[in-house]
Amino acid sequence: MARVISNACVSCGTCADTCPVSAISQGDGQYVVDAGTCIDCGACEGACPVGAISQG
């Protein structure tokens, strides 16, 4: 199951830089995860400085 980014996202981009499959991109107001590309590795969740990413 793909990771999801909550409204706590501060749009720092750390998650996108960390994602090994480039499944994260800037959306309207915050970053979003492409569920079809996400391999559920958890790298983004560990890198998020505000804890805005969780398992979907």
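The table for this structure:
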item: Region 33-45 residues that are touching a residue at least 12 places away in the same chain (Cβ under 8 Å), paired with ones that are surrounded by 13 or more Cβ atoms within 10 Å (Cβ to Cβ) and part of a helix (DSSP H, G or I) (beta carbon under 6 Å, 6 or more apart); result: A43/T18; C44/C15; C44/T18
item: Output for region 5-33, where each listed residue is in a loop (DSSP other than H, G, I, E, B), exposed (fewer than 14 other Cβ atoms within 10 Å of the Cβ) and not small (G, A, S); result: N7, V10, P20, V21, D28
item: Test: residue in region 37-48 that is among the small types (G, A, S), at negative phi and loosely packed, with under 14 Cβ neighbours inside 10 Å; result: yes
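Rule-based calculations on the coordinates, nothing more; no lab input. Values in this document were obtained by computation on a predicted structure and should not be read as measured data. Cβ: placed from backbone, ideal geometry, glycine included. Neighbour counts: every protein chain shown.
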